[in-house]
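Undergrad: My structure is below; once you've seen it, I'll send some questions.
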C-alpha cells in the first residue's frame, strides 16, 4: 500500500474500542506516521504533524453532535495553525466557511479550469420542457434513462424514501385540502383521500388557479421505483436508502433508485443519472440548503462517466436557481462566493458570530436575564422553538448575533454567566452552540 513504509493506522467507530485504542497508542508513540479515519481521527496525537486533510469538508456529518460541537474543519485548521502544518480541505463542493478562508488569503484554491473540468465530468442539463409543462418525470427523463440503459446502469436520486405525504396543485403548487374538514388530501392510485376524515372527493379544483390537476411535491424512493418499473418493465430495479444501503452495483443495465447519501458506486461508472424533485432540498428551512443540495448533486455527478464516454446528468428543477446553475457550470466555488456575500449582507456565519442557547424555559430565561452584552450585539428571544409539525414545543431558544470582532467577547460573557449559574445550582438546563451547522 501507499503508506506501508511509513506505517499507518485507521481510526473509525467500526473498528471497535480495542482496535481504536491500539491505533491511538501507535500514533502517540510515533509508530504510525499516517492516521486515516472518520470524524474522531482529527484528534489523533500524530507526532511531528506535517499535514491534515479533510475530505468532503462541507458534510454536516463532520460536525460533532456532542459539546462543544466542533466541526472537524475548524479543528483541523486550528491544529494546522498551532503545529505549522499544511492543511487541505477537499471535496466536490465548497462550503461558505472554506470560501471565507480563501477570501481572507488563509487558503489557496486548487481546482481545474472550467473547460478542463467539463471535459472530465458528465454533461449536466435541465429538461427542455417549459416550466409550466414540467412534470415530475418529464419526457427528457425517460429519454436519458432509455439511452443510458443501453450502455450500463442508470442512477435516479430522489430527496427522500417512502411514499408521498400530501399533494399539491400541478399548476401553482398550492397544497390540497379537504372541502369537508379542511384536512390535508393525500394522493392514491385510485384518487384523493382526506387524511383526517377519510372523505374521497370525486371532483377537485384549485381555489387559487382553478386547475384540476394535482401531484405529490415529494415522492419517495419506493413510489419512484414503482413508477419507473411500470415504464421499464424488463429492467432490473435496485433501491438504496436508509436501512438498505448498497455499497456497489455491477456494470449491467439496471435502474438504481436511491436517496441522497445512499448512492452506490458503479464498477465502470453510471451511464446516466437523473436528479428528481431538485426543488425540494432547496426549499428546506436551512440557511445552508443551496450549498448542501449542490454538494450532494456534485457527488452524483462524480459517479457518472465523463461526457466524452456518454455520461449525462439531468436535474429536474428550477433551471434559474443559482444552485442549479452552479451545477450546470460545475462551479461550486461560484455558488460559495455568492452564498458568502449573501450572508455578509444578512449578518450570518461565517460573516458574523452566532451563539444559540437552547434548553427549558427556566434555564434559557434565567441565563438571558443575567446577560450584559455590548451595544453592537443583537439578542433574539427567548422564545419557544417550533417543532417539525409546526407546534410550539417545550424547548426554548435564545439567539445572540455579534460582529466577528466582538464574537469572542460575547461567547466568553455567555460562558461566564452559565458557569456562575451552574456554580450556584440555579434551576434549568441549557446547551450553548457557537455557529451551529443548522441555521433555520
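Undergrad: Just to confirm my numbers, what's the Cα centroid distance between the range 4-47 and the range 406-440 in Å?
TA: 33 Å
Undergrad: Further question on the same structure: Mind checking Rg over Rh on the range 352-434, alpha carbons, Kirkwood formula for Rh?
TA: On the way: Rg = 12.7 Å, Rh = 13.0 Å.
Checking Rg against Rh, the ratio lands at 0.98.
Undergrad: Oh, and also: Would you calculate, for the chain, the mean residue ellipticity at 222 nm contributed by helices, counting each DSSP H stretch of 4 or more residues as -39,500 (n - 2.57) and dividing by all residues, to the nearest 500? Before the final figure, lay out the partial values.
TA: Numbers: 12 runs with 131 residues, N = 440.
It lands at -9000 deg cm²/dmol.
Undergrad: Over the range 1-70, consider all pairs of different Cα atoms and compute the Kirkwood hydrodynamic radius from their mean reciprocal separation; express it in Å, one decimal. Mind showing how you got there, number by number?
TA: Values: mean 1/r = 0.0773 Å⁻¹.
Across the range 1-70, the inverse of the average 1/r is 12.9 Å.
Undergrad: Per residue, how big is the convex hull of the chain when only Cα atoms are used? Give it in Å³. Please report the intermediate quantities before stating the final value.
TA: Details: hull volume 86.5 nm³, N = 440.
It comes to 197 Å³ per residue, whole-number rounded.
Undergrad: Simple spin-label model, 7 Å along Cα-to-Cβ: residue 88 to residue 118 in nm?
TA: About 2.7 nm separates the two model spin labels.
Undergrad: Related question: Roughly what % antiparallel, to the nearest 5, for the DSSP beta bridges in the chain? Walk me through the numbers before you get to the answer.
TA: On the way: 29 of 60 bridges.
Restricted to the chain, the bridges split so that about 50 percent are antiparallel.
Undergrad: On a C-alpha basis, how far is the centre of the range 88-160 from the centre of the range 236-292 in Å? Whole number, if you could?
TA: Here the two parts' Cα centres lie 12 Å apart.
We did not get these values from a lab; they are worked out from the coordinates using the rules stated. All of these numbers come straight from a predicted model, not from anything done at the bench. Because the Cβ atoms are built from the backbone with ideal geometry, glycine has one as well, and the counts that use them run over all protein chains shown.
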